[in-house]
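Below: one structure, written as structure tokens.
What follows draws every value from the coordinates through simple rules; no lab data is involved. If you're wondering where the values come from, they're calculated on a predicted model, not measured in any experiment. Please note: Cβ atoms are built from the backbone with ideal geometry, for glycine as well, and neighbour counts cover all protein chains shown.
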Amino acid sequence: MSIRKFYSAINYDFRPETYWAPTRNPLEAALRNVKGRNRREMIRDYHSKGLLAALSDDLLQDTLDEDTRRSLDLIHPSFMGGEYLPDYRRDEIEIARIELESTTSDVISVRARPRIYLARLFRHTHSKLGRPLRIDTLKMTVL
């Protein structure tokens, strides 16, 4: 199969040995399951300036509690980007993430688990129901 190569900065031949190896970078390990787009950026920024301890523990959690999520939404809807994605299942990781430049910073998340050749694909939606739109479950093959 031939892949059209639109972006010269992308290494289209790259294949990780595994997605489940422990990361050597503690910051990346801490961010691994943080769902919110803006919170990920905030944590990276604070970490790079040596100010991580100044962030509230609530903002460092993988999933926000409802009160914190509502408070961030009052600042700007872009703080909701990714926050309505479902929690990660045991051993599930995000293998791809698409962040849309929209008012609510919508996020599409592709997740997988080891030895299970299915990936769950979600699109964050900021709806009254507060539930993510499950786009599909994709059957994966080993190359």
Quick check: net charge around Glu83, other residues with Cβ under 10 Å of its Cβ, Lys/Arg +1 and Asp/Glu -1?
+3
Trypsin sites (Lys or Arg not before Pro) restricted to DSSP loop in region 84-120 with at most 13 other C-beta within 10 Å:
Arg89, Arg90, Arg115
Evaluate the distance, in nm, between pseudo-label points positioned 7 Å from the Cα of Leu121 and of Ala21 along their respective Cα→Cβ axes.
2.7 nm
Go through region 55-111 and name the GluC sites (Glu not before Pro) that are in a DSSP coil and have 16 or fewer other Cβ atoms within 10 Å of their Cβ.
Glu101
Label-zone membership for region 43-76, site Glu28, 7 angstrom Cα→C-beta point, backbone N under 20 Å:
43-50, 62
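In whole percent, what relative contact order does region 1-104 give with Cα contacts below 8 Å and a gap of six or more residues?
Dividing the mean separation by the residue count of region 1-104 yields 29 percent.
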